[in-house]
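Reviewing the structure listed below.
The values are calculated or read from the model by the stated rules, or taken from the named source; none is laboratory data. The structure displayed is predicted, hence computed values, not measured ones. Glycine also receives a Cβ, built like all others from the backbone with ideal geometry; neighbour counts cover every protein chain displayed.
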Amino acid sequence: MRRTRVATAVLALTLAACGELRSVVTLSSDIQKQFHLAASVAVNTSGTMRITFSTAALDSMQMDDAAREKFARDVATFAKAHYAKSAQLNEIVISSVAVTSTGPMVVSRTTPQFWFPVRDLP
């Protein structure tokens, strides 16, 4: 009987994790379709969603600081509207990262991030 309960609990946790993963992957795909840029999406247990773009891709758009902030706010607003569990989020963080590698060493450099409290987004 104890094994059955443990197996049921493990199965329930696995299914919940798969559902969460599916939501994040779907949102990443939706962001790519909407903004024509690949995005990495991660959600942690404290209610923070991080959306990361390639620095090179954003730089190719030749945006000034104000345009970059507007773009970040637009992405955050889109993410809130399209993420199935947005009610569980506290903030959405938008950033970009440049990754370079030299031999066995990999260096990533994150640009300044934009933080948006979910309650302040439409």
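Listed values, structure above:
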item: Residue among Ala98, Ala67, Ala84 that alone is in contact (Cβ under 8 Å) with a residue 60 or more places away in the chain and aliphatic (A, V, I, L, M); result: Ala84
item: Residue match in the range 22-40 (condition: at pLDDT below 95, of a type in the set (D, E, K, R) and loosely packed, with under 13 Cβ neighbours inside 10 Å); result: yes
